[in-house]
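**Q** Structure provided below as structure tokens; questions to follow.
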Amino acid sequence: MYNNMQPLNLPTYSFNIKSRGERNWIFDIFRRDWYLLTPEEWVRQNFARYLCEALSYPQSLMLLEHKITHNRLTRRCDIIVYNRQGQPVILVECKAPEIVLNQRTFDQIARYNMVLEVNILLITNGLSHYCIQLNPLTGTYAFLKDIPSFRSMTDQSSTVI
């Protein structure tokens, strides 16, 4: 395991890791640059790879650490998945494995979604994953048992990806 990073509840992927002094850095294939390997970055990299490799989401339709502005404050969304028309459709909030996913986490992603207005929210700490489908017409939501694959998103007539 890299840099004593905690094993996650995700498939195992190989990463390009390098050390500089006391710190390890991970190469992000999405942003095409090196980033400090923190526990949260470990989850973000693994989960993004999971979306691509296990669920077939195209890497070209994903942005990591994308800036948004909400109430004049700049925030960074961990992962945003876009459809082929350039509209955001999935928002992912990643936390370090030791962070408990709680109401604050759900509130955080809900605030980000006030800007993006996606129908699928994902929250993960690498150990637990929650997938929420929002219904904007009724204002209701449902927790999904599984994260939808790219194919299932494109096969649904109500979701154009």
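The values are calculated or read from the model by the stated rules, or taken from the named source; none is laboratory data. The structure displayed is predicted, hence computed values, not measured ones. Cβ sites come from the backbone with ideal geometry, for glycine too, and all protein chains shown count toward neighbours.
**Q** Hey, can you tell me all the residues within segment 45-92 that are among the polar types (S, T, N, Q), without any contact (Cβ under 8 Å) to a residue 24 or more places away in the chain and either assigned to a strand (DSSP E or B) or closer than 19 Å to F15 by Cα (or both)?
**A** Of everything in segment 45-92, those that are among the polar types (S, T, N, Q), without any contact (Cβ under 8 Å) to a residue 24 or more places away in the chain and either assigned to a strand (DSSP E or B) or closer than 19 Å to F15 by Cα (or both) turn out to be S60, T74.
**Q** Read through the list (1) in contact with a Gly (Cβ under 9 Å, 6 or more places away or on another chain); (2) crowded, with 21+ Cβ neighbours inside 10 Å, then give the number of the only condition that Q45 fails.
**A** Here Q45 meets the rest and fails (1).
**Q** Let me ask something else about it. Look through segment 6-33, keep the residues that are surrounded by 12 or more Cβ atoms within 10 Å (Cβ to Cβ) and over 16 Å from R49 (Cα atoms), and return whichever of them is modelled with the lowest pLDDT.
**A** Q6
**Q** While we're on this one: State all residues of segment 135-155 that are surrounded by 11 or more Cβ atoms within 10 Å (Cβ to Cβ) and among the hydrophobic types (A, V, I, L, M, F, W, C); if no residue qualifies, say none.
**A** Here is the first cut: in segment 135-155, the residues surrounded by 11 or more Cβ atoms within 10 Å (Cβ to Cβ) are 135, 141, 144, 147-155.
Correct list: L144, I147, F150, M153.
**Q** Related question: Scan segment 94-119 residue by residue and report those that are at pLDDT below 95 and among the β-branched types (V, I, T).
**A** Once the filter is applied, which keeps residues that are at pLDDT below 95 and among the β-branched types (V, I, T), segment 94-119 yields T105, I109, V115, V118.
**Q** Quick one: how many residues across segment 20-44 are of a type outside the set (D, E) and free of Cβ contacts under 8 Å to residues at least 12 places away in the same chain?
**A** Number of matching residues: 4.
**Q** OK, next. From (1) crowded, with 16+ Cβ neighbours inside 10 Å; (2) in contact with a Gly (Cβ under 8 Å, 6 or more places away or on another chain); (3) modelled with pLDDT under 95, pick out the condition that doesn't hold for I68.
**A** (2)
**Q** Output the number of residues of segment 1-40 satisfying the condition of being out of contact with any Phe, Trp or Tyr (no Cβ under 7 Å at 6 or more places or on another chain), over 19 Å from R76 (Cα atoms), in a loop (DSSP other than H, G, I, E, B) and of a type outside the set (S, T, Y).
**A** Counting residues in segment 1-40 that are out of contact with any Phe, Trp or Tyr (no Cβ under 7 Å at 6 or more places or on another chain), over 19 Å from R76 (Cα atoms), in a loop (DSSP other than H, G, I, E, B) and of a type outside the set (S, T, Y) gives 7.
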